[in-house]
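Inspection log for the structure reproduced underneath, given as structure tokens.
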Amino acid sequence: MRPVIVALDTDLKRALSIAEQLREEVAGFKIGWDLVLEAGLDPIRRISKLGQVIVDLKLADIPYVVNRVVNKVVEAGACCAIAHGLIAPSLEPDQRIYLLVRMTTPTLYDDLWRQLVPTAGKFRGAVAPGNAPSTVAEVRKVLGCSARIISPGIGAQGGKPGDAIRAGADFEIVGRYLIEEPSRISQWDKLKPTCWNSI
Ligand code: 3DU
């Protein structure tokens, strides 16, 4: 298993084919709006039979609504879902939720993320930018191994395979770079998660 989560931002047919191809090679898959808008919960049900699934709808609502959505995706087979760090103050600790603390692109998180990081320890983990390894390193320093760190921004967004892992992430989230060419998974051959063995 390579420390990689494949972001299946593509159509369902291609997503299923990539998941079949890479199921033994990767730690899991990330399903977002693309597949959910195409086919509802069905992609979550089908792909979670092939591996662990994180659902990334970047939730940013009141706890009542967030909990209902998380319940639905977990019932469909996902391990967990991603929520915006901005709503962390209203959420109860929840091992089914990854907290987004800083993005790979410029956002208002750039001024706030340090405030959010300690809170991520009450959740399954933090989503931190893999194209900014110094941020990943700082998040790991604060969290220790108390929570997972998963990092997008590798390949299409400029991060190099392994950059985020070497900075302290457990798993790199990779979409276009692997969807275009699944054999690129060999570029993660010698890498291991920093703390956690499952997503
Ligand atoms: O750039 P890629 O094709 O490797 O896709 C990255 C994935 O990670 C994509 O699903 C996107 O929604 C997610 N993501 C970011 O790219 C950046 C973030 O800050 C958070 C999530």
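The values are calculated or read from the model by the stated rules, or taken from the named source; none is laboratory data. All figures in this text were calculated on a predicted structure; none of them were measured in a lab. All Cβ positions, even for glycine, are placed from backbone atoms using ideal geometry, and neighbour counts span all protein chains on display. Just the protein is used for accessible areas: all its heavy atoms, side chains included, with ligands, DNA and RNA removed. Shrake-Rupley method; radii C 1.70, N 1.55, O 1.52, S 1.80 Å.
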Any hit, the stretch 56-63, residues being under 21 Å from Ala27 (Cα atoms), of a type in the set (Asp, Glu) and either part of a strand (DSSP E or B) or within 13 Å of the ligand (Cβ to nearest atom) (or both): yes
Close pairs from the stretch 165-188: first more than 18 Å from Glu20 (Cα to Cα), partner among the polar types (S, T, N, Q) and surrounded by fewer than 22 Cβ atoms within 10 Å (Cβ to Cβ), Cβ under 6 Å, at least 6 apart: Gly168/Thr194; Asp170/Thr194
Residue match in the stretch 138-157 (condition: within 15 Å of the ligand (Cβ to nearest atom), open to solvent by 50 Å² or more (accessible area, probe 1.4 Å) and outside any strand (DSSP E or B)): yes
Residues satisfying the stated conditions in the stretch 7-42, i.e. farther than 18 Å from Ile82 by Cα, open to solvent by 60 Å² or more (accessible area, probe 1.4 Å) and either among the small types (Gly, Ala, Ser) or in contact with a helix residue (DSSP H, G or I) (Cβ under 6 Å, 6 or more places away or on another chain) (or both): Gln21, Glu38
Matching residues in the stretch 159-194 - criterion: being within 12 Å of the ligand (Cβ to nearest atom), charged (D, E, K, R) and either over 15 Å from the mean Cα position of the chain (by Cα) or open to solvent by less than 10 Å² (accessible area, probe 1.4 Å) (or both): Glu172, Glu180, Arg184
Residues of the stretch 86-106 that turn out to be within 13 Å of the ligand (Cβ to nearest atom), in contact with a Cys (Cβ under 9 Å, 6 or more places away or on another chain) and open to solvent by 80 Å² or more (accessible area, probe 1.4 Å), as a count: 0
Residue identified as at pLDDT 95 or above and open to solvent by less than 40 Å² (accessible area, probe 1.4 Å) among Tyr109, Tyr64: Tyr109
Single unsatisfied condition, Ile150 versus (1) in contact with a Pro (Cβ under 9 Å, 6 or more places away or on another chain); (2) within 17 Å of Ala83 (Cβ to Cβ): (1)
Selection status of Gln115, at pLDDT 95 or above, closer than 24 Å to Val142 by Cα and out of contact with any strand residue (DSSP E or B) (no Cβ under 9 Å at 6 or more places or on another chain): yes
